[in-house]
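Take a look at the structure below.
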Amino acid sequence: MNNTHVNFGMDRRAFFGRFGLGLGGIALAGLMQRGAAAPARNPFQGVLDSTHFPPRARRVIYLFMSGGPSQLDLFDEKPELVRRNGEDLPASVRMGQRLTGMSANQATLPMAGSIFKFGRHGRGGATVSELLPWTARMADKLCFVKSLHTEAINHDPAITFFQTGSQLPGRPSLGAWLSYGLGSANDNLPAFVVLISKDRIDQPLYARLWGNGFLPSLHQGVQFRAGRDPVLFLKNPDGVTGSGRRQMLDRLAELHAEQFADLGDPEINARVAQYEMAYRMQTSVPDVMDVSGEPDSVYELYGKEARQPGTFAANCLLARRLAERNVRFIQLYHPGWDHHGGLPGGIRRQCADVDRAGYALVTDLEQRGLLEDTLVVWGGEFGRTNYSQGKLTATDYGRDHHPRCFSMWLAGAGIRPGLTFGQTDDFGYNIVENPVHVHDLQATILQQLGLDHERLTFQFQGRHYRLTDVHGQVVKELLA
């Protein structure tokens, strides 16, 4: 009679880990013993022993303008829209393309020319709105891409698509992929750090946007916050000393080692690695967040808002400090760009938040010799329509979501400076030259980090996944 006790609360993986009998089980045990005898690999090292080809970038600072900035009011000047302001969008231009539920029931779609003036800047003659005078100053350092397009028409799937390569939740984010492939370049800080502008949260930003998906959990982004506790639950609780925490972690590691030997689940080791990183971050995080030693000249560059923790300017300064410490991927989110109505007033406020700070970040990196191996990316999840959502007046209008074409800029790390790439039609509605898909942009970012987007993969549920899913091409024209 078989007296083996089966715990029906045990999951499938644990069941077969415990009861893998016969020749297969013996062979598995032998492999695990040989693996246990081998030196342990640092889980923060990354799975690649070397990059696929020589990298131009060592790190990325991604300035994500959440909500969808209006390219037609910032970078993509359209005199034809100004001339035909108020006229209904021609059917020959729209070509039956879908609209969101927010403007689909409008009786007319009145075209809205921007009320803001544009100028040509730098040797490349880049068109930049009067809303971004500081950005215009550094036009020759930037590469403007005016032909981005995406597949999602609403915020959540569109942001998820940019961050993870899929409109559906559950995939690893870009920063998590870099952490998985390349690991951390600083033993005392995570490879992937997230900063969010305070007081601009008009739409939710879910933690899954910087999540690890099906990758080991140690690759998820770590959010740094303004205030007394930059990382939640990092400090020792009252009554727990540093030496006591050290002893607790040592004993916990011993227990987890026994559990790993029993189950073989790699997430156990990932959890231990996170505990150890958190312990080291108790010293490293206060150091990086302490800006008291920054000279007045830095605040003259970034502006007075940089002295206010949690502002975009303060986060840009922190991004430079994290870059100096070789954090691999630094993600800044600045929400508030969803201007369905009252666009002129709203976009003025947003540009005032980010214009000088973005200029200061690029300039600061360049002055410190960091721009040559730091890739800076600026942009949102989609663009805005050339027609007004709601009532159009001489001084006010709104714009709906527009995935068909929008603008972004990149700088540093082998990106061709002073270039304007791609072109939209006279109405700013469709791309007529050099389209760049979201996966193309992601492939190009990975390229600059020395990674082949088709070879950085992870097997999950019987399939090899990658950031760019099943397509995407490096946009070589953007590279110097």
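Just so it is clear, none of the values below were taken in a lab; they were calculated from the coordinates. This structure is a prediction, so every number in the text was calculated from the model and none was measured. No Cβ is skipped: glycine too gets one built from the backbone with ideal geometry, and neighbour counts run over all protein chains shown.
How big is D, in µm² s⁻¹, for the stretch 176-240 by Stokes-Einstein at 4 °C and 1.567 mPa s if Rh is the Kirkwood radius over C-alpha pairs?
Details: Rh = 13.6 Å.
Rounded, D is 96 µm²/s.
Only Lys, Arg, Asp and Glu count, each charged at its Cβ (+1, +1, -1, -1), so figure out the dipole size of the stretch 309-388 about its Cα centre, rounded to 20 debye.
180 debye
Using the per-residue mean of other Cβ atoms lying within 10 Å as a proxy for protection, in what order, highest first, do the peptides 140-149, 209-218 fall?
Details: 140-149: 22.9, 209-218: 21.0.
Top of the packing list down: 140-149, 209-218.
Only Lys, Arg, Asp and Glu count, each charged at its Cβ (+1, +1, -1, -1), so figure out the dipole size of the chain about its Cα centre, rounded to 20 debye. Don't skip to the answer; put the middle values down first.
Working: 50 positive and 49 negative charges, 56 e Å.
About 260 debye.
In deg cm²/dmol, rounded to 500, what helix-only [θ] at 222 nm does the chain give when every DSSP H run of at least 4 residues adds -39500 (n - 2.57) and the total is split over its residues?
About -10500 deg cm²/dmol.
Could you tell me what percent of the DSSP beta bridges with both partners in the chain are antiparallel, to the nearest 5?
Working: 23 of 46 bridges.
Of those bridges, close to 50 percent are antiparallel.
Measuring from label point to label point, each 7 Å out along Cα→Cβ, what is the ASP469 to ARG120 span in nm?
Placing both labels 7 Å along Cα→Cβ, they lie 3.9 nm apart.
Report the one residue of PHE144, ASN85, LEU72 whose Cα lies farthest in the direction of the positive end of the charge dipole of the stretch 63-150 (charges on C-beta: Lys and Arg +1, Asp and Glu -1; origin at the Cα centre).
In the stretch 63-150, that residue is PHE144.
Going through the cross-link list LYS78/LYS146; LYS198/LYS304; LYS198/LYS391; LYS146/LYS476, which pairs have a Cα-Cα distance over 20 Å in this structure?
Values: LYS78/LYS146 12 Å; LYS198/LYS304 16 Å; LYS198/LYS391 30 Å; LYS146/LYS476 16 Å.
Going by Cα-Cα distance, LYS198/LYS391 fall outside the 20 Å limit.
Can you figure out the FRET efficiency of LEU255 with GLU87, using R₀ = 60 Å and their beta-carbon distance, to the nearest 0.05?
On the way: r = 71 Å, r/R0 = 1.19.
Rounded to the nearest 0.05, the efficiency is 0.25.
Based only on other Cβ atoms within 10 Å, what is the fewest-to-most ordering of ILE115, ILE153? Before the final figure, lay out the partial values.
Details: ILE115 14, ILE153 18.
Final ranking by Cβ density, sparse to dense: ILE115, ILE153.
For CYS351, CYS405, which order do you get if you count the other beta carbons within 10 Å of each Cβ and list the fewest first? Before the final figure, lay out each step's value.
On the way: CYS351 23, CYS405 27.
If I rank by nearby Cβ atoms, fewest first, I get CYS351, CYS405.
Could you put GLU381, GLU454, GLU254, GLU305 in order, starting from the residue whose Cβ has the fewest other Cβ atoms within 10 Å? Write out the running numbers ahead of the final one.
Numbers: GLU381 29, GLU454 15, GLU254 10, GLU305 18.
The most exposed by this proxy come first: GLU254, GLU454, GLU305, GLU381.
About its Cα centre, what dipole magnitude does the stretch 111-155 give when the only charges are +1 on Lys and Arg Cβ and -1 on Asp and Glu Cβ, stated in debye to the nearest 20? Could the numbers behind the result be given before it?
Numbers: 6 positive and 3 negative charges, 50 e Å.
Dipole size: approximately 240 debye.
Could you compute the net charge surrounding PHE224? Neighbours are other residues with a C-beta less than 13 Å from the C-beta of PHE224; K and R count +1, D and E count -1. Mind showing how you got there, number by number?
Values: positive: LYS198, ARG225, ARG228, ARG321, ARG325; negative: ASP229, ASP287, ASP290.
So the surrounding residues net to +2.
What helices does the chain hold that run 27 Å or longer along their axis, going by alpha-carbon atoms, with a Kyte-Doolittle average of -1.0 or more, using DSSP H for the helix calls? Working shown, then result.
Numbers: long enough: 242-263 (31 Å, -0.64); 266-289 (32 Å, -0.38); 343-367 (35 Å, -0.28).
For the chain, where a helix must reach 27 Å along its axis and average at least -1.0, the hits are 242-263, 266-289, 343-367.
Note down the net charge around THR150, summing +1 for each Lys or Arg and -1 for each Asp or Glu among other residues with Cβ under 12 Å from its Cβ. Provide the component values of the computation, followed by the final result.
Working: positive: ARG404; negative: GLU151, GLU381, ASP440.
Result for the local shell: -2.
Using modelled amide H (1.01 Å from N, peptide plane; none on Pro or chain starts), what sits under 5 Å from the amide H of ILE196, excluding residues fewer than 5 places away?
TYR333
In what sequence, highest mean first, do 158-165, 88-95 appear when ranked by Cβ atoms within 10 angstrom? Please list the in-between numbers first.
Values: 158-165: 24.2, 88-95: 13.5.
In decreasing order of mean packing, 158-165, 88-95 become 158-165, 88-95.
Apply the Karplus curve 6.51 cos²θ - 1.76 cosθ + 1.60, θ = phi - 60°, to the phi angles in the stretch 208-217 and return the couplings in whole Hz, x for Gly and Pro.
With coefficients 6.51, -1.76 and 1.60, one gets 5, 5, 10, x, 8, x, 8, 6, x, 5 Hz.
Within the set of other residues whose C-beta is less than 11 Å from the C-beta of VAL60, count the net charge using Lys and Arg as +1 and Asp and Glu as -1. Working shown, then result.
Working: positive: ARG58, ARG59, ARG328; negative: ASP373.
Around VAL60, the surrounding residues sum to +2.
Among PHE161, MET248, THR127, which residue has its Cα positioned farthest towards the positive end of the charge dipole of the chain, with +1 placed on the Cβ of Lys and Arg, -1 on the Cβ of Asp and Glu, and the dipole taken about the Cα centre?
MET248
Could you pull out which residues in the stretch 71-89 have an amide N less than 19 Å from a spot 7 Å beyond the Cα of ARG348, following the Cα-Cβ vector?
71-75
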